[in-house]
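First up is the structure itself, then whatever we jot down about it.
The values are calculated or read from the model by the stated rules, or taken from the named source; none is laboratory data. Predicted model, so just to flag it, every value in this text is computed and none were measured. Ideal geometry is used to build each Cβ from the backbone, glycine not excepted, and the neighbour counts take in all protein chains shown.
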Amino acid sequence: MDMKLEVVVVPVADVDRAKDFYTALGWRLDADLATGEDFRVVQVTPPGSPASVIFGTSVTSQAPGSAQGLHLVVEDIEAAHDELERLGANPGEVFHDAGGVFHHAGTDARVPGPDPRRGSYGSFLSFSDPDGNGWVLQEVTTRLPGRVDPSATAFTSAADLAGALRRAAAAHGEHEARLGAEDPGWPDWYADYMVREQAGAELPS
């Protein structure tokens with residue numbers, strides 16, 4: 001049975017302030033429902049995300065600001081930093097982990113700047129909402145094997161699909177150079193490349 005993560009709850013003290021903050025980041029406003037002064041729920045969704053975030057009144061017993069380490073995945077950590085800064089999120093500087101991609105032990109292991117090899121999963125930045133709920137952005141460009149079912153390949157936004165097409169086009173150019181000829185089967189090659197890349201499988205040559 002599939003169990004898909006649909007919603008993450010973020011505890012806030014001021015619902016309207018949180019709503020203004022997240023929508024200013026370009027997060028889609030899905031709902032703002034109230035049944036009275038004692039209950040209100042707001043749902044927003046980050047661009048390209050299959051899961052949404054909810055907050056409101058009487059939504060959770062967690063203390064405002066207590067949600068920490070909420071992860072968002074991006075393809076370009078430096079572009080994400082610039083966008084968050086432009087939108088007023090006041091992000092921290094991009095960093096990587098001194099202990100390696102999967103160490104990520106805490107602030108004492110943070111080294112300024114992106115991962116020198118720009119390896120997938122290796123570069124991060126963080127920001128907080130007005131209540132202090134903490135978000136971490138992680139740069140992921142190539143998934144590890146087995147992380148995505150190739151039979152369920154999906155692109156969550158036009159930008160996501162465009163990025164995959166650009167990478168496939170660049171790889172296909174190298175493929176044609178090795179062939180020494182144009183490849184009339186390029187649509188099939190593109191499709192195979194994009195599915196394998198998303199699934200973390202070995203890429204075609």
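Odds and ends about this structure:
- Of the strands (runs of 3 or more DSSP E) lying entirely inside region 40-101, those carrying at least 3 residues that are in contact with a strand residue (DSSP E or B) (Cβ under 6 Å, 6 or more places away or on another chain) and either surrounded by fewer than 17 Cβ atoms within 10 Å (Cβ to Cβ) or modelled with pLDDT under 95 (or both) are 70-74.
- Subset of region 46-95 [of a type in the set (A, V, I, L, M) and farther than 30 Å from Gly36 by Cβ]: Leu72, Val73, Val74, Ile77, Ala79, Ala80, Leu84, Leu87, Ala89, Val94
- Scanning region 19-39 for residues that are exposed (fewer than 13 other Cβ atoms within 10 Å of the Cβ) and in contact with a Phe, Trp or Tyr (Cβ under 9 Å, 6 or more places away or on another chain) turns up Leu29, Leu33.
- Tally, over region 34-76, of residues that are touching a Lys or Arg at 6+ places or on another chain (Cβ under 9 Å) and of a type in the set (A, V, I, L, M): 5
- Of all residues in region 172-196, those satisfying the criterion of being acidic (Asp, Glu) and either surrounded by 12 or more Cβ atoms within 10 Å (Cβ to Cβ) or part of a helix (DSSP H, G or I) (or both) are Glu174, Glu176, Asp183, Asp188, Asp192.
- Members of region 46-69 that are in contact (Cβ under 8 Å) with a residue 40 or more places away in the chain and at positive phi: Gly48, Gly56, Gly65, Gly69
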